Amino acid sequence: MNDISLKNLAQNLDLTNPPEGFVDDPFPFYDALLEYAPILRQPDGSVLLSRHADLDAIYRNTTLYSSDKEAAFGPKFGVGSPLFEHHTTSLVFSDPPLHTRVRKIMTSALTPRAIARMEPGLIETVDVLLDDMEGKAQVDLIEDFASTIPIQIIGNLLDVPMDERAPLRDWSLAILGALEPALTDTQLEIGHSAVCEFKAYLQDLVARRRAKPGDPEIDVLTRLIRGEGADEKLSEIELLQNCIFILNAGHETTTNLIGNGLALLNDHPAQRKRLLDNPDLIASTVEEVLRFRSPNQFGNRETTAEVEIGGHLIVKGTNLHLCIGAANRDPEVFPDPTRFDITRKPNRHLAFAGGPHVCVGLTLARLEGRVALGRLLNRFPDCQVQGPRVRGGRIRFHGYASLPAVL
Ligand code: HEM
């Protein structure tokens with residue numbers, strides 16, 4: 001594509017009706033946005049932002065940029081509907097003082113001790129999956145590996161009984177899928193049902209945990225029920241919806257981190273060899289995967305007053321789409337940004353956002369990434385992606401639905 005058509009595409013990009021090729025491979029479009037339209041008005045009045053400096057400043061400022069979505073989700077989901085109740089009660093879509101109170105309980109529940117306790121179980125989960133894949137003529141790195149790990153880990157975190165974990169993945173996909181910019185009636189219906197079923201399940205789990213509490217030092221659900229670390233407990237609805245949120249927040253994102261990492265190392269054999277020769281590079285490899293193919297490509301904020309960004313006046317109440325995927329390849333911050341470099345330092349990516357809403361699970365996600373990628377490569381150094389890859393088909397969450405491989 002020549003520069004003129006790229007410029008034209010960037011200046012007319014509409015997230016609710018993306019151009020052909022954007023969903024599967026948005027990166028050339030992001031580069032064009034950074035160059036030609038880093039502050040782009042959308043047909044519905046919202047604004048799409050791509051520069052690292054703009055996103056970084058917005059993430060840090062919860063006074064001018066609100067995370068509350070009551071106004072946006074009313075028309076989208078229907079006020080009072082299951083998806084509306086879920087998403088507007090989630091930590092991520094709230095502002096201080098509610099956000100400060102709930103976040104305090106969440107961060108104090110995900111203690112370093114609770115996360116450290118995860119590591120042996122994580123290694124065991126990963127090794128069992130590797131054992132199960134060994135000897136198979138072909139495997140699917142998503143179905144057989146990447147998607148199973150976070151479900152087990154978050155399941156362990158909240159101590160969800162093993163034989164009750166099967167529906168978690170589909171509930172989670174349906175609820176987060178409802179955050180896509182454009183939705184069909186069927187997607188909406190599936191999302192509402194998933195919230196209802198998930199909530200009913202958690203009501204029962206919470207009742208069982210209240211009757212028989214776990215060790216509050218390490219059991220995250222028991223800590224959330226007790227409201228450890230805060231003066232005030234979570235209400236029943238806050239507790240249930242935020243448990244759903246933790247399960248969802250840590251699932252598709254981490255699946256995508258592992259799947260995108262495996263695909264990138266497959267597609268960059270020299271980088272893979274470098275990692276195999278220097279296993280200590282695993283931590284910076286995970287950071288580069290997070291930068292280069294961020295599992296979560298977009299965030300959103302709403303302006304609480306008129307603001308000026310890059311010379312553009314933006315009125316109060318405007319919905320901002322924060323393109324993390326573009327900011328992470330901003331040449332102002334990352335030298336040679338289109339190069340996948342597992343030794344990149346510094347690497348100030350925004351994959352976990354920033355400021356007061358920075359991801360609560362980032363330590364756990366990084367641990368999962370390191371253990372999953374490191375142990376798979378160590379066990380199967382010649383693993384090759386082979387066969388048709390299926391992309392996730394979403395704009396916000398970037399990953400694969402299927403990644404066939406021979407080990
Ligand atoms: C690679 C994996 C992950 C990625 C890329 C990721 C990304 C993000 C991002 C971008 C945000 C900020 C959203 C915003 O404010 O607009 C966020 C928030 C959050 N994440 Fe993660 N996440 C990951 C894994 C996890 C895990 C494993 C957990 C739970 C154990 C988790 C729990 C949360 C929570 C509770 C928030 C809300 C924080 C707040 O609003 O104060 N995440 N995550």
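The values are calculated or read from the model by the stated rules, or taken from the named source; none is laboratory data. Note that the coordinates shown come from a computational prediction; the quantities given were computed from them, not determined experimentally. All Cβ positions, even for glycine, are placed from backbone atoms using ideal geometry, and neighbour counts span all protein chains on display. These area figures cover heavy atoms from the full protein model, side chains too; ligands, DNA and RNA do not enter into them. Shrake-Rupley method; radii C 1.70, N 1.55, O 1.52, S 1.80 Å.
For the options E252, E189, E288, a Gaussian network treatment of the chain with springs between C-alpha atoms closer than 10 Å singles out E189 as fluctuating the most. Computed over the chain, the per-residue total of -39500 (n - 2.57) for DSSP H runs of n ≥ 4 gives a 222 nm mean residue ellipticity of -15500 deg cm²/dmol, rounded to 500.
Taking 7 Å steps out from each Cα toward its Cβ at S108 and E164 produces label points 2.5 nm apart. The P(r) of the chain has a tail past 37 Å containing 21 percent of all C-alpha pairs. Straight Cα distances below 18 angstrom link K212 to the aspartates and glutamates D159, E164, D204, E228, E236, with same-chain residues fewer than 8 positions distant left out.
Spatial offset of the range 44-60 relative to the range 183-251 amounts to 31 Å, using the alpha carbon center of each. Split the accessible area of the range 118-158 by element, probe 1.4 Å, and carbon with sulfur accounts for 47%. Amide hydrogen proximity for A401: with H placed 1.01 Å from N in the peptide plane, the residues at 5 or more positions away or on another chain lying under 5 Å are V390, R391, G392.
Within the listed set Y65, Y201, Y30, the Gaussian network model of the chain (springs between alpha-carbon atoms below 10 Å) gives the highest mean-square fluctuation for Y201. Taking 0.692 mPa s as the viscosity and 37 °C as the temperature, the Stokes-Einstein diffusion coefficient of the range 271-407 based on its alpha-carbon Kirkwood radius rounds to 192 µm²/s.
When the solvent-accessible area of the range 342-405 is split by element, carbon and sulfur atoms take up 50 percent of it, the probe being 1.4 Å. Rounded to the nearest Hz, the phi-derived 3J(HN,Hα) couplings of the range 367-374 under the Karplus curve 6.51 cos²θ - 1.76 cosθ + 1.60 (θ = phi - 60°) are 4, 4, x, 5, 5, 5, 5, x, where x marks glycine and proline. The label point for Q11 and the one for D132, both projected 7 Å from the Cα toward the Cβ, are 5.3 nm apart. Note on R379 and E124: the extension gain reaches 90.4 nm, defined as 0.36 nm multiplied by sequence separation minus the Cα-Cα distance. Principal axis extents of the Cα atoms in the range 323-387, from largest to smallest and rounded to whole angstrom, are 37, 29, 25.
Under 5 Å from the amide H of I309 lie the amide H atoms of I314, each residue being 5 or more positions distant or on a separate chain, with H modelled from the backbone and absent for Pro and chain starts. Rolling a 1.4 Å probe across the protein heavy atoms gives the range 3-406 an accessible surface of 42 Å² per residue. Across the range 46-58, computed HN-Hα scalar couplings (Karplus, 6.51 cos²θ - 1.76 cosθ + 1.60, θ = phi - 60°) run 6, 10, 9, 10, 10, 6, 4, 4, 5, 5, 4, 5, 5 Hz from first to last residue, x flagging Gly and Pro. In sequence order, the range 307-321 has phi-based couplings of 10, 10, 10, x, x, 9, 7, 10, 6, 4, x, 7, 7, 9, 9 Hz under the Karplus curve 6.51 cos²θ - 1.76 cosθ + 1.60, θ = phi - 60°, and Gly or Pro positions carry x.
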